[in-house]
1. Taking the stretch 227-252 as the search range and keeping residues that are closer than 15 Å to I192 by Cβ and hydroxyl-bearing (S, T, Y), which one is modelled with the lowest pLDDT?
2. Out of the stretch 167-182, which residues are more than 10 Å from C139 (Cβ to Cβ) and buried (at least 17 other Cβ atoms within 10 Å of the Cβ)?
3. Listed residues V114, V104, V109; which is of a type in the set (V, I, T) and out of contact with any helix residue (DSSP H, G or I) (no Cβ under 8 Å at 6 or more places or on another chain)?
4. For the stretch 146-166, which residues satisfy the criterion of being outside any loop (DSSP other than H, G, I, E, B), surrounded by 14 or more Cβ atoms within 10 Å (Cβ to Cβ) and among the hydroxyl-bearing types (S, T, Y)?
5. In the stretch 128-142, what residues are buried (at least 17 other Cβ atoms within 10 Å of the Cβ) and either of a type in the set (A, V, I, L, M) or at pLDDT below 90 (or both)?
Amino acid sequence: MSTDENNPSSSDPSHKRSSLALQLGPRILRLEELQDSPIEDYPAEILTVFDVNTVFMNLIDSYPGLLDRLTAGKEDDVIHIGEMLGKGASGARGDDTKTLKSAVLEWLVPRGQVVIPPLSRNIKSNRGFNHEVTGALLCPAGLDWSDTATKLSLKSGETAVRGDQWPMFLYARYEYDPEDPWKGLLRGEILIFGFKHVFTSPSSVDREPKATRAGNAYLHGMKSVTKGSLAYIATQIQYHSILDLLEDPDESEEVVDLMTWWRHNHSALSKIREKRAA
C-alpha cells in the first residue's frame, strides 16, 4: 500500500518525531548541526535569526507532558529525549531528500516534454551547472545563463554563487525583475510541487487531494503554510538560507504578502479543513 493510502497513527513514535521536523523545519536541523559547538562560535546570522525560544515553545505545544519530563525527569531522560528529537528530525529530512531526488526530475520541464539530454536518477555528475536545463534553473538571478561566458564561469566555479543570490527556479515562471526583486520570489512551480509532495502527498502534485483524506502535514497538526516549511522545501530542493530572508524585519511587508499568497493559492491543508467544516 502506498504512503498516500496510509494514515499513520498519532501514537506511532516514528511519526511523532517526523511531525517535529515538519513543524519546526530547518531550525532544529540547524541546531543539530551546531550541537557540538559552543554558542559563542555560532555564526552571527544564526544567533540573529534563530529564535530558540520560539522553537522550544513550539516543541512544548506539540508534545503534551514534555515540559514535565524535561523539568522533573532524570538527566538520562533529558538526554534520551534530545537524542530522539535529533534522530527524528534527521530521519524525516533523509526521507524527504530521498523521495524528492527522483521526483524533482519530473518537474524540470513542462508536462509532456522530456529533458534533453536525459538525466539519470543515479548520476549527479551531469546535473547542476553541467546540464543545460538544471543550469538555467540554478543560475543566480541577475545573471544571464544564455551568455556563454557566464555559463562557463558558473560551470568551472570561477563565479562563486553567494548565499544571497537566489536561483531562478525560486521565481514564478523563472523570471527575475531587477527593479523588483520580490516579484515572483518563492512562487516558482518547482517549489510549489516540492511543497505539495512533502506536506500533502506525492500524488497531490498532479491532482487536488480528496477532502476526505488528510495530507501528511495535517496528520501532524500543521494547519497552514509556514515560513519554516517554505524554507525547508527550498532547502531540500537546492537552497540553504531562505529563512534568513523570511524572518528579516526589514522585509516584513513583502513576507506577509508572500505568505498570504501561499496560504490562499496553495494550501491543501486549508482546503481540506474548509470542506470538512462545510
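The values are calculated or read from the model by the stated rules, or taken from the named source; none is laboratory data. Bear in mind the structure is a predicted one, so any value in this text is a computation, not a measurement. All Cβ positions, glycine included, derive from the backbone under ideal geometry; neighbour counts span all protein chains shown.
1. Among residues in the stretch 227-252 that are closer than 15 Å to I192 by Cβ and hydroxyl-bearing (S, T, Y), the one modelled with the lowest pLDDT is Y239.
2. Of everything in the stretch 167-182, those that are more than 10 Å from C139 (Cβ to Cβ) and buried (at least 17 other Cβ atoms within 10 Å of the Cβ) turn out to be L170, Y171.
3. After applying the criteria, what remains is V114.
4. Residues satisfying the conditions are T150, S153.
5. A136, L137, L138, A141
Matching residues to (1) outside any loop (DSSP other than H, G, I, E, B); (2) exposed (fewer than 14 other Cβ atoms within 10 Å of the Cβ):
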residue: R69; (1), (2): yes, no
residue: S90; (1), (2): yes, no
residue: S102; (1), (2): yes, yes
residue: G112; (1), (2): no, yes
residue: I116; (1), (2): no, yes
residue: I123; (1), (2): no, yes
residue: D144; (1), (2): no, yes
